[in-house]
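Accompanying notes for the structure given below.
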Amino acid sequence: MNSFTLSVPGNLLLAGEYAVTEEGGLGITLGVEPRITLTANISEHWLLEGFWPGGNESYSPGETRSNLLSAVWNQFYGQSGPPVGQPWHLKVDSTAFFDLLGRKKGFGSSAATAAVVTAALLVLQNTPRQELAHKAFLPAVKAHRFFQGGKGSGYDVAASLFGQTGIFTGGEIPQWTPISLPPLQKAYLCSGPQAVRTVSALASYDQWKITAPEAARIFQEKNNQLIQTLTRESDLPRFWDEIQKLSMGLGNSIGVSADLPQETKVALGLIPGNWKCLGAGNELVLTWNRDTPPHRGDLLKSSKEGIKWE
């Protein structure tokens, strides 16, 4: 084998914001198109590269630089150094996760990169195709957490490796299982009113847990109950209504809004029951069951497959 290509889809957390950072906290993940692509070719020396509109990074074993690629490599190989044998050049293209102005679309590019690079290193260890996603999951989560300073539930890595829709269970050793749900019809992703720093939002959540432990316990319990009920009843309209109320209530409690200003709702043509903010605040909006597309937004295309090896 002189070359190979891997790709993984983007990732979204449809429900379970903040809850998935807790041991046993549940969330619903979705793999979404488009994909980032890794091309691998034999080389004279080891080189990992990543590029995107307006930026790039690289890492070669032995260098002292610290970035996502070095985190994946060092978490995978530890202190043992580069493997003996043929060196490779691994190149990751995440251009599809950015818009024409070079802004991130919110598809989890760093987690997807950690997932696909980890998988590539496993390919080079002769890992069978059918085992690739499962064997890459935990090493990629550990690498992504290391890159983020020890933070990160891993839902994003799971969604990119496994694709489709799944139930994610947070914790030190997270888990993911597929779930069959009717797809959201005529669904779009739109930008919200402002960017939200996930690290700051999580800090606000952690502080709230200290000051209001009983409210935090009730939030976690309610979140898990809703998701567990969904897996049994598939009552989607009720679920989306209840999970949105829970998300907005938490946002009010921690001071990181999961609601939208009225002018944004009007501009996007949102009505009760057909939208929800995703992520740590309101910077990304999912809307569905629309007669007409929003004037700004991308059609949501779910990915039935996770990692592909071509």
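The numbers here are math on the coordinates, done by the rules we state, and not lab data. Not measured: the values here are computed from a predicted model. Here the Cβ is made from the backbone with ideal geometry for all residues, glycine too, and neighbour counts use every protein chain on show.
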Of ALA15, GLN244, TYR188, which is farthest along the charge dipole of the chain in the positive direction, counting Lys and Arg as +1 and Asp and Glu as -1 at C-beta?
TYR188
Nearest-ten-degree value, helix 132-147 long axis tilted from longest Cα axis of the chain
80
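Treating the beta-carbon of each Lys and Arg as +1 and of each Asp and Glu as -1, no other charges, what is the dipole magnitude of the chain about its Cα centre, to the nearest 20 debye? Present the calculation step by step, with values, prior to reporting the outcome.
Working: 26 positive and 27 negative charges, 42 e Å.
With Lys and Arg at +1 and Asp and Glu at -1, about 200 debye.
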In a Gaussian network model of the chain with springs linking alpha carbons closer than 10 Å, the residue among SER109, SER66, SER247 that fluctuates most is SER66
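Please compute the net charge surrounding TYR155, taking Lys and Arg as +1 and Asp and Glu as -1 over other residues with Cβ under 13 Å from its Cβ.
On the way: positive: ARG145, LYS151; negative: GLU17, GLU22, ASP156.
Local net charge: -1.
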Sorted by average packing, counted as other Cβ atoms within 10 angstrom per residue and highest first, what order do 289-297, 249-257, 28-36, 274-282 take?
28-36, 274-282, 249-257, 289-297
Quick one: what are the phi-derived ³J(HN,Hα) couplings along the range 198-215, Karplus 6.51/-1.76/1.60 with θ = phi - 60°, whole Hz, x for glycine and proline?
4, 4, 5, 5, 5, 5, 5, 5, 4, 5, 4, 4, 5, 7, 9, x, 5, 5
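Could the peptides 11-22, 150-161 be put in order, highest first, of the mean number of other beta-carbon atoms found within 10 Å of their residues?
Result, highest mean Cβ count within 10 Å first: 150-161, 11-22.
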Relative to the longest principal axis of the C-alpha atoms of the chain, give the angle of the C-alpha long axis of helix 109-123, reported between 0 and 90° and rounded to the nearest 10°.
40
Surrounding charge for LEU300, neighbours by C-beta under 10 angstrom, Lys/Arg +1, Asp/Glu -1, total 0
Which entry is the computed semi-axes √(5λ) of the Cα gyration tensor in Å for this structure: [x] 38, 25, 19; [y] 34, 21, 18; [z] 54, 26, 20?
[y]
Any chance you could run the full-extension gain for ARG238 through THR292? It's 0.36 nm times the residue separation minus the Cα-Cα distance, nm to one decimal.
17.1 nm
Unit charges at the beta carbon, dipole of the chain: most positive-side option, GLY24, GLN175, CYS277
CYS277
For helix 236-254, what angle does its Cα long axis make with the longest principal axis of the chain, in degrees from 0 to 90 and rounded to 10?
90
The alpha-carbon center of the range 2-62 and that of the range 94-157 are separated, in whole Å, by 3
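Take the residue pairs LYS186/LYS222; LYS245/LYS301; LYS135/LYS222; LYS186/LYS304; LYS151/LYS301; LYS135/LYS276 and return only those whose Cα atoms are more than 21 Å apart. It would help to have the intermediate numbers written out before the result.
Values: LYS186/LYS222 28 Å; LYS245/LYS301 25 Å; LYS135/LYS222 32 Å; LYS186/LYS304 17 Å; LYS151/LYS301 28 Å; LYS135/LYS276 33 Å.
Result: LYS186/LYS222; LYS245/LYS301; LYS135/LYS222; LYS151/LYS301; LYS135/LYS276 exceed 21 Å.
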